[in-house]
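J.: Just passing along the structure, written as structure tokens.
The values are calculated or read from the model by the stated rules, or taken from the named source; none is laboratory data. Keep in mind that this is a model prediction, so the values were computed, not measured. Cβ placement follows ideal geometry from the backbone for every residue including glycine, while neighbour counts extend to all protein chains displayed. These accessible areas exclude ligands, DNA and RNA; they are computed on the full protein's heavy atoms, side chains included. Shrake-Rupley method; radii C 1.70, N 1.55, O 1.52, S 1.80 Å.
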Amino acid sequence: MKRDGRTLDHKTLEEIRRMAVQRVWEGEKPSVVIASYGFSRQIIYTWLREAKGKGRGLRALRSRKGTGRPRTLTAKQEQQLFRWVNGKDPRQHGFDFGLWTRLVVRKLIADKFGANLGVTSVGKLLAKLGLTPQKPLKRAYDRDPAAIEAWKNDIYPSIARQAKKRGAEIYFWDESGFRADVVQGTTWGVQGQTPIVAVPGQRQSVSAASAVNARGGGRVSDHLQPL
């Protein structure tokens with residue numbers, strides 16, 4: 001029954017290599033020696049070649065710590081990349097596209113760190129950092145959070161009171177159709193935290209006008225016009 005050396009720890013395997021080669025040097029046949037340890041016949045000749053030569057000997061059979069595949073980016077660089085991508089816009093780094101793709105991130109890494117990663121490696125790195133491709137929310141450049149809160153808390157309640165006094169209904173008007181600010185595709189962001197992409201505040205579209213009230217009633221205009 002053959003033994004799999006991968007099941008042994010490095011120290012044990014090193015000792016077996018040294019003892020096996022020493023026995024061959026003392027006159028035993030390589031095939032007999034390796035059979036006694038349960039390893040395949042070919043491996044003994046590999047060990048003998050490694051130990052052969054002036055200044056080598058049994059020390060050439062010592063176990064060496066595996067270095068593994070070298071890192072392309074340091075841990076510090078990876079965290080910097082995370083800060084650049086998470087919640088940020090590629091256009092802030094000089095790109096003309098507002099969504100993070102693996103190709104865009106690959107170019108950013110090359111520009112900032114001088115490292116040339118493959119597209120697949122970039123995807124694995126982003127996943128390692130906890131980033132996933134997601135459909136982003138869109139927000140207008142001129143979005144004013146303070147004005148929005150003022151509308152919800154002060155302006156709309158005042159309008160609603162006036163409408164009630166007059167027996168009127170309030171409709172919220174909007175448009176639908178083809179728009180220039182539609183966000184197509186996905187970008188990378190932290191899982192569970194939907195990214196936001198800034199889009200032009202002015203909408204350019206050919207659309208149908210519609211209005212809906214607070215109870216779900218609505219009106220739709222079938223007149224299409226460019227805005």
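J.: Determine which single condition GLN204 fails, assuming it passes every other condition in (1) more than 30 Å from ARG83 (Cα to Cα); (2) surrounded by 11 or more Cβ atoms within 10 Å (Cβ to Cβ); (3) modelled with pLDDT of 70 or more.
T.: (3)
J.: Modelled with pLDDT under 80 and surrounded by fewer than 13 Cβ atoms within 10 Å (Cβ to Cβ): which single residue out of ALA150, ALA198, ALA180 fits that description?
T.: ALA180
J.: Considering only residues that are open to solvent by less than 20 Å² (accessible area, probe 1.4 Å) and either out of contact with any Phe, Trp or Tyr (no Cβ under 8 Å at 6 or more places or on another chain) or of a type in the set (Val, Ile, Thr) (or both), look in region 90-103 and name the one that is farthest from GLN134 (Cα to Cα).
T.: Looking at the filtered set, the residue picked out is GLY98.
J.: Let me ask you something else. Pull up region 109-124, narrow it to residues that are open to solvent by less than 70 Å² (accessible area, probe 1.4 Å) and more than 17 Å from HIS93 (Cβ to Cβ), then point me to the one that is nearest to the chain's Cα centre (by Cα).
T.: So the residue we want is GLY123.
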